[in-house]
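The values are calculated or read from the model by the stated rules, or taken from the named source; none is laboratory data. No experiment lies behind these values; they were computed from the predicted model shown. Note: ideal-geometry Cβ built from the backbone for every residue, glycine included; neighbour counts use all protein chains shown. For the accessible areas, the whole protein counts, side chains as well, though only heavy atoms, and no ligand, DNA or RNA atoms are used. Shrake-Rupley method; radii C 1.70, N 1.55, O 1.52, S 1.80 Å.
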Amino acid sequence: MTTADDAIRRAIIEEYGVLGGAPEPDLQGLVQLAATVCGVPTAVINIIDDRFQHQIAAVGIEPAVCSREDSMCAVVFRKPGHTVVSDAALDERFAANPFVTGEVANVRFYASSPLITPMGVPIGTICIFDDVPREMPEDESAALALIAHQIVDVLELRRLTRELGESNEQLENFAAQVAHDLRNPLTALTGYIELASEVPEVAETPAASRALARAESVADRMSGMIARLLDYASVGGAPIRRTSVEVGPLIASTMDDLRTAGLDNGADVTVDASVPVPADPTLLGVLLQNLVGNAVKFAGAGGRAPAITVSVGTVAAGVRITVDDNGPGVPVAERDLVFEPLERGSNVDVPGFGIGLATCNRIVQSHGGRMGIDESPSGGARVWMVLPSA
């Protein structure tokens, strides 16, 4: 009969998602470590549900599944601490077990440490055994307990990573649905504004025309914000496909787009890219488009001629990209703040949504890199990022 404890244990085991697949390399490494440290030929990570014992990683034997009734670990895994048995054939708990009698194996020395989840629920063991009797020193016992904790940490990390991936997917789907639901009425509103502006009585009234123009501008701005929010939510949802990307053509394409839209502010852009960048080409294009567009926009504020330099070079941690401008720069106190969504710092006179740098930061993080802002040699802002080579 399945008890409430068994039902809870089974639900937790399902959340870890470790049953039914090939042994994970990180778990296999830990079980190998247990066998080596304790000097035994066989070590196993067992997950025990209400019916079966599942060997999810093993050294010395092939991982298998057996009934819970035949499991040695099922006898002791719910008790705290370690179990150390010098000769299982002389222990009444195990003497008739098929792993001891020769039906399955000929276990004599047996030791195990329970796998206890952060909720305090035991879900299995890390166990070691040998076919000859022996004693277990205290340092080996302590090492086995430490490895048990590390196994649970690995399982927790797997669970959290999977949940994060699911959360990101849900966020992307939610953002897409919200964007769709908002765009439809917004498109209709823009259409009505255009129709109203063409009515002769309205066109002949300057105040009404100005009000409609402002309303149309607000609608366009809202449409742009919806699109940018959707871009931000979408970053990181798909796998990163790294290739060697040349930065020069991406910058040229970005400047062509800015010139076509009349947003280049007459910028002088210099590219010094001595090495290709190991990155997803689509995401790197979005990243550079945001950074160069920002640099041109802020450096051009106040009527100055923007001077932008994009540099790419190798550093110990990978490939470093810097975008320097001659604009007003970013105050030191705001250099972390501006990477947060909808945060624009103190420079609010320049149009924007405060989403571009947040999107860039997500792209860099999705590549396993880091991003920051310093002062540029030209007095403006230097936005830099380091992407790992692999």
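Descriptive notes on the structure:
- Single condition Glu103 does not satisfy, out of (1) open to solvent by 70 Å² or more (accessible area, probe 1.4 Å); (2) touching a helix residue (DSSP H, G or I) at 6+ places or on another chain (Cβ under 6 Å): (2)
- Note on the range 252-324: enclosed strands (runs of 3 or more DSSP E) holding 2 or more residues that are open to solvent by less than 40 Å² (accessible area, probe 1.4 Å) and touching an Asp or Glu at 6+ places or on another chain (Cβ under 9 Å) are 307-315.
- Scan of the range 325-342 for residues that are among the charged types (D, E, K, R) and either open to solvent by 20 Å² or more (accessible area, probe 1.4 Å) or over 28 Å from Gly368 (Cβ atoms) (or both), ordered by number: Glu334, Arg335, Asp336, Glu340
- For the range 116-136, the tally of residues that are acidic (Asp, Glu) and open to solvent by less than 30 Å² (accessible area, probe 1.4 Å) stands at 1.
- The range 154-181, subset surrounded by 12 or more Cβ atoms within 10 Å (Cβ to Cβ) and within 15 Å of Gly29 (Cβ to Cβ), residue modelled with the lowest pLDDT: Arg158
- Test set (1) modelled with pLDDT of 70 or more; (2) surrounded by 12 or more Cβ atoms within 10 Å (Cβ to Cβ) - Gly224 fails condition number: (1)
- Failed item in (1) under 17 Å from Ile251 (Cβ atoms); (2) modelled with pLDDT under 85, with Val312 passing the rest: (2)
- Filter pass, Ser141 being open to solvent by less than 70 Å² (accessible area, probe 1.4 Å), outside any strand (DSSP E or B), among the polar types (S, T, N, Q) and modelled with pLDDT of 80 or more: yes
- All positions within the range 74-100 that are among the hydrophobic types (A, V, I, L, M, F, W, C) and surrounded by 18 or more Cβ atoms within 10 Å (Cβ to Cβ): Ala74, Val76, Phe77, Val85, Ala88, Phe94, Phe99, Val100
- Scanning the range 48-73 for residues that are under 33 Å from the mean Cα position of the chain (by Cα), closer than 17 Å to Asn97 by Cα, surrounded by 21 or more Cβ atoms within 10 Å (Cβ to Cβ) and of a type in the set (A, V, I, L, M, F, W, C) returns a single hit, Ile48.
- Residues (more than 30 Å from the chain's Cα centre (by Cα) and open to solvent by less than 30 Å² (accessible area, probe 1.4 Å)) located in the range 27-43: Ala35, Cys38, Val40, Thr42, Ala43
- Residues that are in a loop (DSSP other than H, G, I, E, B), at pLDDT below 85, open to solvent by 10 Å² or more (accessible area, probe 1.4 Å) and out of contact with any Asp or Glu (no Cβ under 6 Å at 6 or more places or on another chain) within the range 351-377 comprise Pro351, Gly352, Phe353, listed in sequence order.
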